[in-house]
1. What distance in nm lies between label points placed 7 Å from Cα along the C-beta direction at residue 40 and residue 3?
2. Quick one: divide the alpha-carbon radius of gyration of region 5-82 by 2.2 N^0.38 Å and tell me what you get.
3. Over the Cα atoms of region 29-74, Rg to Rh with Kirkwood Rh, two decimal places?
4. Cα axis of helix 70-82 to longest principal axis of the chain: angle in degrees, 0 to 90, nearest 10?
5. Would you mind checking the tilt of helix 41-55 against the longest principal axis of the Cα atoms of the chain, expressed as 0 to 90 degrees and rounded to 10?
6. What number, in percent, do you get for the relative contact order of the chain if the mean sequence gap of Cα pairs under 8 Å and at least 6 apart is divided by its residue count?
């Protein structure tokens, strides 16, 4: 199944929202950082695990620290899915 850029972004936003504990009604944009959205490093690990399961991909351990923004993670998912 081919995923569109928009669908991947919407799914990443949805998965992010599920982990947010503050400002849960806040609009999430692809340019937002996970820190701005209230996700600490432990929640970011939870998010990456959810992304791996949802999209059936693997995030290499050395890449974990490279996802600062929602867009970064969406771009990674698209490149990982297209490599499959």
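We did not get these values from a lab; they are worked out from the coordinates using the rules stated. What you are looking at is a predicted structure, and each value in this text was computed from that prediction instead of being measured. Note that we place each Cβ from the backbone using ideal geometry, even for glycine, and neighbour counts take in every protein chain shown.
1. In this crude spin-label approximation the distance works out to 2.8 nm.
2. 0.98
3. Numbers: Rg = 10.0 Å, Rh = 10.8 Å.
Checking Rg against Rh, the ratio lands at 0.93.
4. With both axes taken from Cα atoms, the answer is about 20 degrees.
5. 40
6. Relative contact order here is 39 percent.
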